[in-house]
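Read-outs: derived from the displayed coordinates by stated rules, not from any lab. All of these numbers come straight from a predicted model, not from anything done at the bench. Cβ: placed from backbone, ideal geometry, glycine included. Neighbour counts: every protein chain shown.
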Amino acid sequence: MKIGRDFFLEPTLKVAKKLLGKYIFRKYKRKLIIGKIVETEAYIGPKDKASHAYCQKEQSINEKKKIIYKNFSRIKNYIQDPEIFLNRILKLKNAKVTNRNLVEYLKGGHVYIYLIYGLYYQFNITTHKEGYPQCVLIRSLEPISGNFKVYPNGPAKLCNFLKIDSSFWGHDLIKSEIFYLENGENFSEKEIIKTKRIGIEYAKEDSQLPWRFYIKGNKWVSKL
């Protein structure tokens with residue numbers, strides 16, 4: 001059964017753990033690629049220094065408006081109430097809006113995908129309510145069907161495995177027929193490892209937050 005919107009509107013840390021064991025389905029060239037989520041990381045902007053939505057120096061309201069209006073055509077079909085959406089963003093403190101991260105502000109269940117180092121994609125799913133920049137990074141998958149020569153045990157590898165790129169920016173996983181999630185296994189707290197996130201030393205004290213979650217003993221968890 002497909003996962004509905006309410007699942008992604010819950011608190012981000014809860015979603016990050018509940019995603020473990022769920023299945024990602026990707027229809028590609030008449031074939032079905034399936035992977036089980038085994039590792040995630042939570043990002044809760046703007047209070048989280050590791051979030052793309054965090055900025056130490058306050059961004060001006062005019063700059064935020066400029067970016068939102070410039071990109072509005074890309075997100076307008078995903079917004080429930082444009083006025084509430086805009087007001088929430090403008091009221092947030094230490095919140096940064098960019099052409100890349102605007103999708104983070106969409107309600108839970110949308111794809112936030114971006115390039116790092118100009119080479120590798122990373123796939124996130126938005127969480128919480130509209131206007132609040134929160135998301136979960138999908139770090140690793142256990143392959144169920146697809147090209148098993150591509151090991152999806154890392155953020156960039158799983159994007160390659162799923163055949164997704166920047167064209168999926170903002171994609172609605174709830175309404176989609178080509179890229180969506182379905183229910184799978186559920187894990188108890190004892191079966192989930194909680195530890196610090198990877199590669200975010202720039203976030204200072206927030207780099208130590210135990211917001212990375214993975215299934216205990218699963219061999220597809222990314223290697224450090």
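A few notes on this one:
- Considering only residues in region 163-184 that are touching a Leu at 6+ places or on another chain (Cβ under 8 Å) and in contact (Cβ under 8 Å) with a residue 60 or more places away in the chain, the one that is nearest to residue 39 (Cα to Cα) turns out to be 181.
- Any hit, region 33-40, residues being farther than 27 Å from residue 210 by Cα and assigned to a strand (DSSP E or B): yes
- Only one of the listed residues (49, 36) is among the charged types (D, E, K, R), in contact with a helix residue (DSSP H, G or I) (Cβ under 8 Å, 6 or more places away or on another chain) and in contact (Cβ under 8 Å) with a residue 60 or more places away in the chain. That residue is 49.
- For region 195-218, a residue qualifies if it is under 27 Å from residue 144 (Cβ atoms) and touching a residue at least 40 places away in the same chain (Cβ under 8 Å), and the qualifying residues are 197, 198, 211, 212, 213, 214, 215, 218.
- A search for C-beta distances below 6 Å between a residue of region 71-93 that is without any contact (Cβ under 8 Å) to a residue 40 or more places away in the chain and any residue that is β-branched (Val, Ile, Thr), counting only pairs 6+ apart in sequence or on different chains, returns 90/61.
- Leading residue by the ranking (nearest to the chain's Cα centre (by Cα)) among those in region 115-153 that are of a type outside the set (Phe, Trp, Tyr) and on the phi > 0 side of the Ramachandran plot: 128
- Count of region 20-46 residues, restricted to those that are surrounded by fewer than 16 Cβ atoms within 10 Å (Cβ to Cβ) and more than 17 Å from residue 180 (Cα to Cα), is 0.
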